[in-house]
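What follows is calculated from the coordinates using simple rules that are stated; it is not laboratory data. This one's a predicted model, so the numbers in the text were calculated from it and none came from an experiment. Positions of Cβ are generated from backbone atoms using ideal geometry, with glycine treated the same way; all protein chains shown enter the neighbour counts.
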Amino acid sequence: MNASGASATLTILSDNIARPPLESEHGFAVWIATPSAKILFDTGAGPAMLRNADTLGIDLSEADLIVLSHGHYDHTGNLAEALRRAPRARLEGERGTSRGRADKRWC
């Protein structure tokens, strides 16, 4: 909780370990929900992130912001689908983080 009394909820959507009914995959994505914004931090590698969001009732179209930590495929693999589902979301990430890496689609 911060000084204003507001809190954030972090929900892991993609990781190497998951308990059923969620799916695991080599990749990372987390949904961050605050009273003022909804943020998708990284987008996982494959279908597990999208299916886990659906299973958990998380509507990716509500994302205000999509943040990419770096350009590896296991953090950017669902970027195109995330942007399709959340067309009003702003995309943030440092340009050049994927230089020389597997996935350069977002640079």
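Net length available on complete extension from residue 22 to residue 91 is 22.2 nm, with 0.36 nm assigned per residue and the Cα-Cα distance removed.
Dividing the Cα radius of gyration of segment 9-92 by its Kirkwood radius returns 0.93 for Rg/Rh. Here each label is just a point 7 Å from Cα along the line to Cβ, and for residue 37 and residue 70 those points are 2.2 nm apart. Karplus-based coupling profile of segment 35-45, in residue order and whole Hz: x, 10, 7, 10, 10, 9, 9, 6, 10, x, 10, with θ = phi - 60° in 6.51 cos²θ - 1.76 cosθ + 1.60 and x standing for Gly or Pro.
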